[in-house]
Amino acid sequence: MTTSEQLFEKAKTLIPGGVNSPVRAFRSVGGSPVFIKSAKGPYLYDEDGREYIELINSWGPMILGHAFEPVEKAVRDAIQYSFSFGAPTRKEVEMAELITNMVPSVEKVRMVNSGTEATMAAIRVARGFTGRDKIIKFEGCYHGHADSFLIAAGSGAMTMGIPDSPGVTKATAADTLTAPFNDLAAVEKLLDNNHNQVAAIILEPVVGNMGCVLPEPGFLEGVRSLCDKHDALLIFDEVMTGFRLAKGGAQERFGITPDLTTMGKIIGGGMPVGAYGGRADIMDIVAPAGPVYQAGTLSGNPIAMSAGLAMLHHLNDHPEVYTRLDQIGETLVNGFRASLVKLGLNYTINHIGSMFTLFMTERSVTNFTEAKSCDLPLFGRYFHAMLKRGVYLAPSQFESLFLSVALTDDLTAQIIQANEESLQEALAEHDN
Ligand SMILES: Cc1ncc(COP(=O)(O)O)c(C=O)c1O
Ligand SMILES: N[C@H](C=O)CCC(=O)O
């Protein structure tokens with residue numbers, strides 16, 4: 001047994017399923033997860049001393065590569081002043097100022113500890129602001145594990161085959177209306193049938209959680225105008241896309257202004273952080289400015305703020321990071337496409353900037369139903385063939401890959417080569 005396998009066996013006796021977040025368990029790809037010991041730049045190292053090229057980057061935050069020196073230094077500098085105060089700090093003000101500068105639709109912002117907390121609070125605020133109970137979410141979008149979102153949920157919930165989780169009350173589920181992504185007519189129908197009852201529409205402007213799925217031309221604009229017509233708030237969940245697709249997130253890239261935005265991942269530089277923010281008149285109903293209660297003992301934690309500030313300052317001061325990320329994404333995806341042509345395969349690749357997914361289906365993937373048409377056993381074999389070649393992918397077909405600027409041209413070429421060999425290997429096993 002490898003050290004990872006031994007650790008997993010022990011973990012299963014102590015932790016549900018052996019992991020602290022379901023998608024890590026390799027359930028849908030089979031086999032046993034590798035346990036990670038350390039990471040630096042573009043590489044992960046496991047407990048058995050194997051090296052992997054990173055294509056998940058902690059599900060997004062490590063956009064500058066692992067243990068990026070300015071972030072590491074900021075954390076080292078901060079810890080000498082203690083780890084938490086439960087009282088306001090200068091760094092929280094600096095963080096709020098930086099976020100509001102980088103994301104202009106965010107006029108006021110509240111820090112929390114995870115993406116889930118951010119989305120959970122954002123819909124409470126939307127409900128408090130509008131006096132309405134219902135929300136609309138899209139099938140296959142994942143907004144964290146709060147009850148209201150575990151309806152037709154993507155990511156790990158989709159991967160485990162439990163998009164509608166037991167434990168969510170019927171009453172809560174009844175307040176979450178769902179529509180297929182990219183289907184404006186379905187959204188309009190829900191709004192008409194629930195007249196004056198919908199507080200907000202929440203969506204991932206580019207979905208990462210059913211694999212990477214892009215909004216079709218006009219979709220985001222259409223959702224914006226339907227919200228305006230029906231006096232519902234538009235919430236962009238930019239936990240993945242924020243500070244990744246542009247320094248102002250997907251809303252900058254697509255030129256759409258939401259009322260509220262949820263953030264996470266990159267803003268913590270790898271530490272546990274989330275945030276929600278938006279129009280000042282809406283945010284001013286949050287306690288203690290207003291009556292909608294939301295709190296957190298560790299919110300705005302000084303170590304997490306220090307890591308996040310170092311990360312965001314770097315991104316804000318170095319716009320060339322985004323140009324480079326786009327270049328790396330283009331090169332990789334062009335290489336993958338060339339291999340598909342060479343192998344006579346017609347699989348779908350969805351791509352934008354530093355997010356992409358190779359879907360094991362010949363259908364175009366614009367929504368949850370189409371994403372589910374993928375050949376999952378084939379994906380599992382492909383995943384392990386890539387892992388064997390030292391490339392660490394998300395262990396699920398229903399996730400986006402995330403690139404970092406630490407990927408060099410040589411590494412990009414290695415990944416393209418590994419992809420071609422892995423596809424051949426996975427298909428050959430399929431034929432036997
Ligand atoms: C778009 C989106 N929203 C919310 C979340 C929840 O964030 P967290 O896992 O930090 O609770 C995630 C990721 O898990 C996400 O990708
Ligand atoms: N898709 C999720 C976050 O981005 C995957 C991470 C997790 O749930 O552990």
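The values are calculated or read from the model by the stated rules, or taken from the named source; none is laboratory data. Keep in mind that this is a model prediction, so the values were computed, not measured. Counting neighbours? That spans all protein chains shown, and the Cβs are built from the backbone with ideal geometry, glycine included. Side chains included, ligands, DNA and RNA excluded: accessible areas come from the protein's heavy atoms. Shrake-Rupley method; radii C 1.70, N 1.55, O 1.52, S 1.80 Å.
Hey, how many Å between the Cα centroid of the stretch 326-344 and the Cα centroid of the stretch 74-133?
38 Å
Going toward the positive end of the dipole of the chain, with +1 on Lys and Arg Cβ and -1 on Asp and Glu Cβ, which of Gly161, Thr297, Ala11 do you reach last?
So the residue furthest toward the plus end is Thr297.
So, for the chain, what is the accessible surface per residue at a probe of 1.4 Å, expressed in square angstrom?
The answer is 41 Å² per residue.
Using amide H atoms built 1.01 Å from N in the peptide plane, name the residues 5+ places from Phe356, or on other chains, whose amide H lies under 5 Å from its own.
Under 5 Å from the amide H of Phe356 lie the amide H atoms of Leu401, each far enough along the sequence or on another chain.
Indicate the helices, whole DSSP H runs only, in the chain that combine a mean Kyte-Doolittle hydropathy of 1.6 or more with a Cα extent along their long axis of 24 angstrom or more.
Membrane-span-like by this criterion, though nothing is claimed about a membrane: none.
Indicate, rounded to the nearest 5 percent, the antiparallel portion of the DSSP beta bridges found entirely in the chain.
Bridges in the chain are about 60 percent antiparallel.
Please state the equivalent ellipsoid semi-axes for the stretch 133-271: what are the square roots of 5 times the Cα gyration tensor eigenvalues, largest first, in whole Å?
22, 20, 13
If you take every DSSP beta bridge fully contained in the stretch 234-288, what fraction is antiparallel? Give it as a percent rounded to 5.
Rounded to the nearest five, the antiparallel share is 55 percent.
State, as an integer percentage, the relative contact order of the stretch 310-396 based on alpha-carbon contacts under 8 Å between residues 6 or more apart.
After rounding, I find 17 percent.
For the chain, what % of the accessible area comes from carbon and sulfur atoms, probe 1.4 Å?
Solvent-exposed carbon and sulfur of the chain make up 53 percent of the total.
Rg and Dmax of the chain over Cα atoms: what are they, in angstrom?
21.1, 65
Starting from the amide H of Leu55, placed 1.01 Å from N in the peptide plane, find each other amide H under 5 Å away whose residue is 5 or more places distant or on another chain.
Amide H neighbours of Leu55, under 5 Å, 5+ apart: Tyr392.
What residues qualify as long-range amide H neighbours of Thr348, i.e. H under 5 Å apart, gap of 5 or more or another chain, H built at 1.01 Å from N?
Phe359, Thr361
Report the local net charge at Arg279: Lys and Arg +1, Asp and Glu -1, summed over other residues whose C-beta lies under 15 Å from its C-beta.
So the environment of Arg279 carries a net charge of -3.
Determine the percent antiparallel among the DSSP beta bridges restricted to the stretch 69-317, to the nearest 5.
Approximately 40 percent, going by the DSSP bridge assignments.
Please work out whether the stretch 69-317 counts as rounded, prolate or oblate from its C-alpha gyration tensor, where a ≥ b ≥ c are the square roots of the eigenvalues and a/c under 1.5 means rounded, while otherwise a/b larger than b/c means prolate and anything else oblate?
prolate
Counting helices only, and only those DSSP H runs with n ≥ 4, report the 222 nm mean residue ellipticity of the chain as the sum of -39,500 (n - 2.57) divided by its residues, in deg cm²/dmol to the nearest 500.
When only DSSP H runs of four or more count, the value is -12000 deg cm²/dmol.
Over the stretch 69-317, what relative contact order in percent results from Cα pairs under 8 Å that are six or more residues apart?
Relative contact order comes out at 30 percent.
Among the listed pairs Lys91/Lys134; Lys170/Lys372; Lys170/Lys229; Lys189/Lys247; Lys73/Lys372, which are separated by more than 32 Å between their Cα atoms?
Over 32 Å Cα-Cα: Lys91/Lys134; Lys189/Lys247; Lys73/Lys372.
Would you kindly derive the ³J(HN,Hα) couplings of the stretch 208-215 from the backbone phi angles with the Karplus curve 6.51 cos²θ - 1.76 cosθ + 1.60 (θ = phi - 60°), listing them in order in whole Hz, with x for Gly and Pro?
x, 9, 10, x, 7, 10, 8, x
Counting other Cβ atoms within 10 Å, which chymotrypsin sites (Phe, Trp or Tyr not before Pro) in the stretch 233-302 have at most 13 and lie in a DSSP loop?
Filter output for the stretch 233-302: Tyr293.
For Cα pairs less than 8 Å apart in space and 6+ apart in sequence, what is the mean separation divided by the residue count of the chain, i.e. the relative contact order in percent?
After rounding, I find 22 percent.
Order His143, His351 by their accessible area, 1.4 angstrom probe, all chains in place, largest first.
So the residues, ranked largest to smallest area, are His351, His143.
First obtain the Kirkwood hydrodynamic radius of the stretch 354-432 from its Cα pairs, then insert it into the Stokes-Einstein equation at 4 °C and 1.567 mPa s, and state the resulting D in µm² per second as a whole number.
97 µm²/s
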